[in-house]
1. Please give the Cα centre distance for region 282-300 versus region 324-389, rounded to the nearest Å.
2. Quick one: order 266, 46 from most to least accessible surface, probe 1.4 Å.
3. To the nearest 20 Debye, how big is the dipole of the chain about its Cα centre, given +1 on the beta carbon of each Lys and Arg and -1 on that of each Asp and Glu?
4. Given 25 °C and 0.890 mPa s, compute D for the chain with the Stokes-Einstein relation, Rh being the Kirkwood radius over Cα pairs; round to the nearest whole µm²/s.
5. Modelling each spin label as a point 7 Å along the Cα-to-Cβ direction, I'd like the residue 372/residue 454 distance in nm, to one decimal.
6. Keeping every protein chain in place, order 49, 263 by accessible area at 1.4 Å, biggest value first, i.e. largest first.
7. What is the calculated FRET efficiency for residue 300 to residue 12, with r their C-beta to C-beta distance and R₀ = 45 Å, to the nearest 0.05?
8. Go ahead and run the numbers for FRET between residue 438 and residue 381, Cβ-Cβ distance against an R0 of 56 Å, rounding to 0.05.
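The values are calculated or read from the model by the stated rules, or taken from the named source; none is laboratory data. Everything numeric in this text was worked out from a predicted model, so none of it was measured. Methodologically, a virtual Cβ is constructed for each residue, glycine included, from the backbone with ideal geometry; neighbour enumeration extends over all protein chains shown. Just the protein is used for accessible areas: all its heavy atoms, side chains included, with ligands, DNA and RNA removed. Shrake-Rupley method; radii C 1.70, N 1.55, O 1.52, S 1.80 Å.
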Amino acid sequence: MLTGDQYKASLDDGRSTYFEGEKVTDLPGHPVLGTVVQNVADGYDWLALKAVDGVSPVSGIPTTADELREKVELVHTAGMMAHVNYTSLMTLATAAGRLAESGPQYVERIQAFVADAQERDIRVTQCITDAKGDRSLSPVRQDDPDAYVRVVDRTPEGVVIRGAKLHITAASFGHELMTIPTKSMKPGEEDYAFAAVIPVDAPGVKIINTTYAPRHADLRSFPASGKEHFPEGFVIFDDVFVPAERVFLDGETESAAVFAHSLGLWERLGGLSSMADGADVLVGLAQLIAEANGLQRVGHVREKISEMIIHATVVRACLEAALTHAETGVFGAVFPNELFTNAGKYTGATEYNTMVRHLHDIAGAAVVTAPSIADLENPEVGPLARKYMSTSSDVDGEYRTRLFHAIRDLTADSYGGWRQVTNVQAGGGLYAQRIVTRKHYDLDAARQAALEAAGMAAGGDTGR
Ligand SMILES: Cc1cc2nc3c(=O)[nH]c(=O)nc-3n(C[C@H](O)[C@H](O)[C@H](O)COP(=O)(O)OP(=O)(O)OC[C@H]3O[C@@H](n4cnc5c(N)ncnc54)[C@H](O)[C@@H]3O)c2cc1C
């Protein structure tokens, strides 16, 4: 396993990564991006403490529902990068099983890469979302043929690709870019039916980073985002050569969607898992700020918090059901249940705004106007600010101020905005979750139940 320090050293490979108009030559030493590197390094060291005979506890492919649950929990605690990496490798393992019949020539390559990545203990990020150009047009009908990543040249040794993948979580902080088609492809779109793993430092790869990290000099008023942020990468493949052994799909349009479907499942499980924890935090904040405002016994406040508790519990129930009803693929790899994963992710995303609305409604305007910690420390206004931020002799002004900072940081400004958009879009938009949920729901059984309830089942007249 890599140590945190070895991970930091591994980033010094000449990769082309940019931030706010400048090329970054020292990622660990960068004033904003360095926090991310440290965070990933800490995740490596934390996992190393849990190693069994020198092997990472999240290595290997889960073959039982219990093993899946254990690994998902470990990955979640180890941080965003460990989660992204696990999702990538499980996507590939799941896709290998689904390609067993339609693309057997790729199965061995994929399995060899997954084993090698786990042995080298590297981090693999997920490049699926293309620039996409005009959304109503297919890849071949775009004005710019590079709107979707495509193969522009083939040699006996490999292929050359061109295009861009957008919004890629932590792309600059991993070692390999798992690059897969964002959607199904049709005959005529062979050059777009392409999947591979590409090293971050491959010639022609360029990554622009964006982040919600606070630019404020004093991070004490940003309790969540000041400690942890994970930039998205705008990944450009400017004629990048990919050796044949790293290519997992090249031209088989009928198999293009296999990767997107596999990733969608694992990405939504990750989203569901973090939503379950995040929902409990929102409930806790609502209760704490209600207590600090002296309103915890007021009827409408209790009702709002009860509603929040119900949302949080339903999201967690979906996560539990997705893990408990895990399914087994062709090579014995276990994957979460599609129906509960998608329905749960959808519910968590759509109810998130209600959760935040209740929290803001209960908390009051100081969510966005509470003074900073530095203001509280100012000898002239600090004592007065503390006095007026206090609500009773039991509620310290700084304590209440810090609760407001946490609510603002998590739900109301830069990071809060990022979370709001992320809940809806990450893992594919809500539309995708509606489609997959419908596909896996037993609609025929529901029709039959309805016919029975209407007293029409025996006659066999289903009206179809
Ligand atoms: C914080 C964050 C992290 C992310 N991390 C990753 C990552 O690590 N890797 C990755 O690959 N992606 C990542 N994504 C991208 C995410 O998967 C996409 O945002 C999502 O799939 C939607 O794509 P889009 O943003 O291009 O929006 P669009 O595709 O433009 O969708 C916008 C809306 O238009 C609708 N729409 C689009 N096309 C059509 C059409 N043809 N017909 C009808 N309706 C249509 C959609 O349903 C949606 O409602 C991340 C996103 C966020 C916000």
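1. Measuring centre to centre over Cα atoms gives 15 Å.
2. Numbers: 266 5, 46 75 Å².
Listed by decreasing accessible area, they come as 46, 266.
3. Values: 42 positive and 62 negative charges, 238 e Å.
The dipole magnitude comes to about 1140 debye.
4. Numbers: Rh = 24.1 Å.
Estimated via Stokes-Einstein, D reaches 102 µm²/s.
5. Distance between label points: 6.4 nm.
6. On the way: 49 150, 263 10 Å².
Result, largest first: 49, 263.
7. Values: r = 56 Å, r/R0 = 1.26.
Between residue 300 and residue 12 the formula returns 0.20.
8. Numbers: r = 57 Å, r/R0 = 1.02.
So the FRET efficiency works out to roughly 0.45.
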